[in-house]
Amino acid sequence: MKTAKTTSLDIAAIAGVSQSTVSRALRNSPEVSAETRRHIQRIAKEMHYTVDRNASRLRAQTTNTLALLFCEDEVETHINPFFLSILSSAAHTAASRGYDLLVTFQQLSENWVEDFQDAHRADGLILLGIRDRASYDAQLIELVESGTRFVIWGLEHQVPGVSSYVTCQNQESAKALTAHLIDLGHSSFAFIGRTSTANPEFRHRYEGYLEALADRRIHTDADLHIPANSSEAEGYEAVESLLSTGRPVDAIVCASDLIAVGAIAALNDHGLAVPENIAVVGYDDLPIAQYMRPALTTVRQDTELAGRRLVEQLIDLIAGEDVEPDELPVNLMIRRSCGAGA
């Protein structure tokens, strides 16, 4: 004889709570106390209870799925490790809140907004890797007008109706990083990173760099700003261009750690020691930063917190709650690559 399948009503009866409390506890909802959640989840485990996801979704008219879109102007062969760290945290947070995370790649030139709305595969969107405002504003407006819930990483923006984004203190931290180099005695600076409107985070870091130099009345030379996207290859090429100018430089501020990795490799190939001849600093604190030789001075963005807050903001939006922009704190990671001055 077939044994009847355990239901949430059975668990509610044993736990002495309502069925709705059981449902919330099994979704790890913060509306239920941690002690009650543990009690209900233990009973569910002992009774070998499994959630009928299809029935749950039909009742709620939701998918219980969040979509994370890597939005890129061009298809790249690899993902920036910084984004992978955010993805890992987002996936863990979504799972802990009872959601699946659908990860996909989209080019901004494609009509991904219409595709998403037609597919109905997720309750909301996390947008990662958006850069060029000219490419994304129209899509964001379309998302707002359609009532789609979405959260963006890394951008402050002016699109009406959009307050859902998570970023970090780009300008302030780059200023502090540059000021640290000045305090060490460095006086001839170069900046590597593309700072057009297509790269707002890099632009804000450049503005912080310029602020620090202006505060100390250190001259800035336009020829010592070398554009580069976030890759080791472009960092290497940027240093080649920098050295070809013949201008004296004793410190290089890189807009990302990947750029810094390539920059240090190029300096080494030219027989220039870091930090003895030229100091180099980066931004992001990728895992490789502390294992480089010399270990890289950089700015740490908390990717675990970033992924968690992106998911939490999106779930709040799905629940109909208002959200405020999050600007996450950062930390300077002082290591040997910044040296003790020229």
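The values are calculated or read from the model by the stated rules, or taken from the named source; none is laboratory data. Bear in mind the structure is a predicted one, so any value in this text is a computation, not a measurement. Reconstructed Cβ throughout: ideal geometry from the backbone, glycine too, with neighbour counts over all protein chains shown. With ligands, DNA and RNA removed, areas are computed over all heavy atoms of the protein, side chains included. Shrake-Rupley method; radii C 1.70, N 1.55, O 1.52, S 1.80 Å.
Give the accessible area for Val103 in Å² (nearest 10); use a 1.4 Å probe, count only protein heavy atoms, and leave out ligands, DNA and RNA.
That residue has around 60 Å² of solvent-accessible surface.
Please list 3J(HN,Hα) in residue order for segment 201-214, calculated via the Karplus relation 6.51 cos²θ - 1.76 cosθ + 1.60 where θ = phi - 60°; whole Hz, with x for glycine and proline.
3J(HN,Hα) across segment 201-214, in whole Hz: 5, 4, 4, 5, 5, 5, 5, x, 4, 5, 4, 4, 5, 5.
Based on the inverse mean of 1/r over its pairs of different Cα atoms, what is the Kirkwood hydrodynamic radius of segment 164-253, in Å? Could you put the intermediate results ahead of the total?
Working: mean 1/r = 0.0740 Å⁻¹.
Roughly 13.5 Å, rounded to one decimal.
Can you list the residues, at least 5 places off or on another chain, whose amide H is less than 5 Å from the amide H of Leu101, using H built in the peptide plane?
Leu66
Under a point spin-label approximation (7 Å from Cα along Cα-to-Cβ), what is the Ala176-Ser29 distance to one decimal in nm?
Result for the modelled spin labels: 3.9 nm.
Using a Förster distance of 41 Å, how high is the FRET efficiency between Ala222 and His92, based on the Cβ-Cβ distance and rounded to 0.05?
On the way: r = 44 Å, r/R0 = 1.08.
Calculated transfer efficiency: 0.40.
Mind giving me the FRET efficiency for Thr7 and Glu321? R0 is 35 Å, r the Cβ-Cβ distance, nearest 0.05 is fine. It would help to have the intermediate numbers written out before the result.
Numbers: r = 30 Å, r/R0 = 0.85.
Approximately 0.75, to the nearest 0.05.
Can you compute the equivalent ellipsoid semi-axes for segment 241-336, i.e. the square root of 5 times each eigenvalue of the Cα gyration tensor, sorted largest first and rounded to whole Å?
Numbers: eigenvalues 275, 34, 20 Å².
In descending order the semi-axes read 37, 13, 10 Å.
By the scheme Lys and Arg +1, Asp and Glu -1, what is the net charge of all other residues having a beta-carbon under 14 Å from that of Asp215? Please report the intermediate quantities before stating the final value.
Numbers: positive: Lys175, Arg216, Arg217; negative: Glu172, Asp183, Glu207, Glu211.
Charge balance in the 14 Å sphere: -1.
Using the basic label-point model (7 angstrom from Cα toward the beta carbon), what is the Glu240 to Arg38 distance in nanometres?
Output for this residue pair reads 5.9 nm.
Tell me the accessible surface of Phe82 in square angstrom (1.4 angstrom probe, heavy atoms of protein chains only), to the nearest ten.
10
Could you give each residue of segment 257-270 its phi-based ³J(HN,Hα) in whole Hz, using Karplus coefficients 6.51, -1.76, 1.60 with θ = phi - 60°, and x for Gly or Pro?
Each residue's phi maps through the Karplus curve to give 5, 4, 4, 5, 4, x, 4, 5, 4, 5, 4, 4, 5, 9 Hz.
Calculated FRET efficiency, Ala214 and His270, Cβ-Cβ r, R0 45 Å, to nearest 0.05? Walk me through the numbers on the way to the answer.
Details: r = 30 Å, r/R0 = 0.66.
After rounding, the FRET efficiency stands at 0.90.
Less than 11 Å Cβ to Cβ from Glu321, Lys/Arg counted +1 and Asp/Glu -1: what total charge do the surrounding residues give?
On the way: positive: Arg149; negative: Glu312, Asp316, Asp322, Glu324.
That sum, taken over residues with Cβ under 11 Å, equals -3.
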